[in-house]
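Here's a structure for you.
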Amino acid sequence: MIDNFNPHFLNKIFEGSGITKEELKSILSKYKQVTFSKNDYLLQEGQVEKKYWFIESGFIRSYIIDTEGNDITFNLYASGDVVIDYASIFFFAPTRENIQALTDCVCWEISFEDFQEMFNTITSFREQQRGLLVGSYFALKEHSISLIADEAKVRYLKLVKEKPQIIQNVSLKHIATFLGITDTSLSRIRKEIST
């Protein structure tokens, strides 16, 4: 059991999912509240992911190092997001990503084994988690397509609309690489929008 267990955040995550009170009690017992300090790694390149996280508070990014040694932000996460490397956790493959806390963070962690147990035994949990995971996957795919098909300004405005808390709390350097542009280009876009 978790010391100082306060399931308020997790209750919000699971509300409206059809999970019964009895099932919820069983599910909540599998989650562990963990904290990460700014710059801590949740996962580093070459490791195999064995758990995943819901962010209660704080900001996290995943990044890769490109062929020229540049640090490129691959994804940005905020409160309520699922932090996961799909290929690593589901296929037991060493990750190519680094997942790092950008601020002090409070997260709710579940092991892959406990996730699988709940997924296979509680139908409502399975459907709710499937929806969350598919939603996260499609958001990532949509971003990948946007990097090719949309202008940088469109990508920036979409991020402002969908995740304003990222714009307000994450460094411009990380936002720029996430959007596939330079810091200078991002500054120019922001200036154009403000005038």
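The values are calculated or read from the model by the stated rules, or taken from the named source; none is laboratory data. None of the values given here were measured: they were computed from a predicted structure. Glycine gets a Cβ as well: all are built from the backbone with ideal geometry, and neighbour counts include every protein chain shown.
Output yes when any residue across region 24-43 is of a type in the set (D, E, K, R), more than 25 Å from residue 138 (Cβ to Cβ), part of a loop (DSSP other than H, G, I, E, B) and modelled with pLDDT of 95 or more, and no when none is.
Looking for residues that are of a type in the set (D, E, K, R), more than 25 Å from residue 138 (Cβ to Cβ), part of a loop (DSSP other than H, G, I, E, B) and modelled with pLDDT of 95 or more, one finds at least one in region 24-43, hence yes.
Tally up the residues in region 85-121 that are polar (S, T, N, Q) and in a loop (DSSP other than H, G, I, E, B), please.
2
Only one of these conditions is not met by residue 86: (1) surrounded by fewer than 21 Cβ atoms within 10 Å (Cβ to Cβ); (2) touching a strand residue (DSSP E or B) at 6+ places or on another chain (Cβ under 7 Å); (3) aromatic (Phe, Trp, Tyr); (4) under 27 Å from residue 15 (Cα atoms). Which number is it?
Condition (2) is where residue 86 drops out.
Moving to a separate point now. Considering region 136-164 alone, what residues qualify as being out of contact with any Lys or Arg (no Cβ under 7 Å at 6 or more places or on another chain) and small (Gly, Ala, Ser)?
Residues satisfying the conditions are 136, 139, 144, 149, 152.
Please pick out the residue among 73, 35 that is farther than 21 Å from residue 113 by Cβ, of a type in the set (S, T, N, Q) and surrounded by fewer than 16 Cβ atoms within 10 Å (Cβ to Cβ).
Exactly one residue qualifies, and that residue is 35.
Consider region 44-68. How many of its residues are under 25 Å from residue 91 (Cα atoms), of a type in the set (Gly, Ala, Ser) and in a strand (DSSP E or B)?
The qualifying residues number 1.
A further question on this structure: State yes or no: is residue 114 in the same structural domain as residue 63 (by TED's automatic domain parsing), charged (D, E, K, R) and closer than 22 Å to residue 90 by Cβ?
Answer is yes for this residue.
Identify, from the list 63, 52, the residue that is modelled with pLDDT of 95 or more, of a type in the set (Phe, Trp, Tyr), buried (at least 16 other Cβ atoms within 10 Å of the Cβ) and not assigned by TED's automatic domain parsing to the domain that holds residue 165.
None of the other options fit; the residue is 63.
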